[in-house]
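The values are calculated or read from the model by the stated rules, or taken from the named source; none is laboratory data. As the structure is a prediction and not an experimental result, all values here were calculated from the model. For neighbour counting, all protein chains shown are included, and Cβ atoms are generated from backbone atoms with ideal geometry for every residue, glycine included. Note: accessible area is taken over every heavy atom of the protein model, side chains too, but ligands, DNA and RNA are not part of it. Shrake-Rupley method; radii C 1.70, N 1.55, O 1.52, S 1.80 Å.
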Amino acid sequence: MLLAIDIGNSNVVVGGLQDNRIAFQTRIATDHIKTSDEYAVEIKNMLDLSKVQVAEVEDCIISSVVPPVFNSIATGVRKLTGMEPLVVAPGVKTGLNIRMDNPASVGSDLIVAAVAAIQDYEPPLILIDMGTATTITVVDKGNAYIGGVIIPGIRVSAEALSNRAAQLPGIQLDRPGRVIGRNTVESMRSGIMYGAAATMDGMIERIEEELGRPVNHVLATGGIAQFVAPLCRRELKLERDLLLKGLNIIYHKNRA
């Protein structure tokens, strides 16, 4: 079994892949102060929860956008499995032609998701990841990673609104019943969720204008994407497991 770990700003995704199939997927909170021993215990607990023995882990791959946490988790994996994990970093084969001013600065999570996307969908395509930040990645013909957009995440925006405006409460981010809210909570939920959907529609339109042609596919991933995608006028195809799929593909491109 391949142990695949993606370290994000809010969550660490821990998954297992067996014969190119996702056997399990779990999440733990990203914590900057946890030690390598604590992360080793956390990962061991996730394996136990998924009824997987450490001895079944044959190799490991890690991607990260949080360097301090990466060091702790990588060391924890070494202690737990005795293996040196493959790390998604510059120099690793991905199958993407990264056309950025500084390719090394591109977040590994964006690379991993794009690798998974081009496996099943023909570029040009747009990939939207709604996490701590909402990122929009554009992959053109020839698997050319040409850039994208970074927007404050939906939860970040909602928290900032509640924290900076004394009379506005914290709200649950789910699908609004209508656009025109009849009370403060409804109005906030509409503004945040329909506002995010309108942003996606507008950005997709502007990206296609800049490309000079429509894209073949628009994919959406991330925990809150399931609530925003139905509100968009443009069709967004939900893909929940891009990170683990991408890590599996990159692993086989490099370990072979």
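Just a few scattered comments:
- Comparison of VAL92, VAL41, VAL69, VAL57 shows that the only residue that is out of contact with any Phe, Trp or Tyr (no Cβ under 9 Å at 6 or more places or on another chain), more than 30 Å from GLY142 (Cα to Cα) and in contact (Cβ under 8 Å) with a residue 40 or more places away in the chain is VAL57.
- Boolean, LEU49 is aliphatic (A, V, I, L, M), in contact (Cβ under 8 Å) with a residue 12 or more places away in the chain and in contact with a helix residue (DSSP H, G or I) (Cβ under 8 Å, 6 or more places away or on another chain): no
- Total residues in the range 58-78, condition within 19 Å of the chain's Cα centre (by Cα) and open to solvent by 10 Å² or more (accessible area, probe 1.4 Å): 5
- When residues in the range 5-23 are screened for being assigned to a strand (DSSP E or B), open to solvent by 20 Å² or more (accessible area, probe 1.4 Å) and within 23 Å of GLY131 (Cα to Cα), 2 of them pass.
- Total residues in the range 48-91, condition assigned to a loop (DSSP other than H, G, I, E, B), under 12 Å from LEU2 (Cα atoms) and touching a Lys or Arg at 6+ places or on another chain (Cβ under 7 Å): 0
- Scanning the range 209-256 for residues that are of a type outside the set (Ser, Thr, Tyr) and in a strand (DSSP E or B) turns up HIS217, VAL218, LEU219, ALA220, LYS237, LEU238.
- Checking LEU2 against (1) out of contact with any strand residue (DSSP E or B) (no Cβ under 6 Å at 6 or more places or on another chain); (2) open to solvent by less than 60 Å² (accessible area, probe 1.4 Å); (3) under 20 Å from ASP109 (Cβ atoms), the condition it does not meet: (1)
- Candidates ALA104, ALA29, filtered to the one that is within 21 Å of the chain's Cα centre (by Cα), over 20 Å from ASP241 (Cα atoms), open to solvent by 30 Å² or more (accessible area, probe 1.4 Å) and small (Gly, Ala, Ser): ALA104
- When VAL41 is tested against (1) modelled with pLDDT of 95 or more; (2) open to solvent by less than 30 Å² (accessible area, probe 1.4 Å); (3) touching a Gly at 6+ places or on another chain (Cβ under 9 Å), just one condition goes unmet, and that condition is (2).
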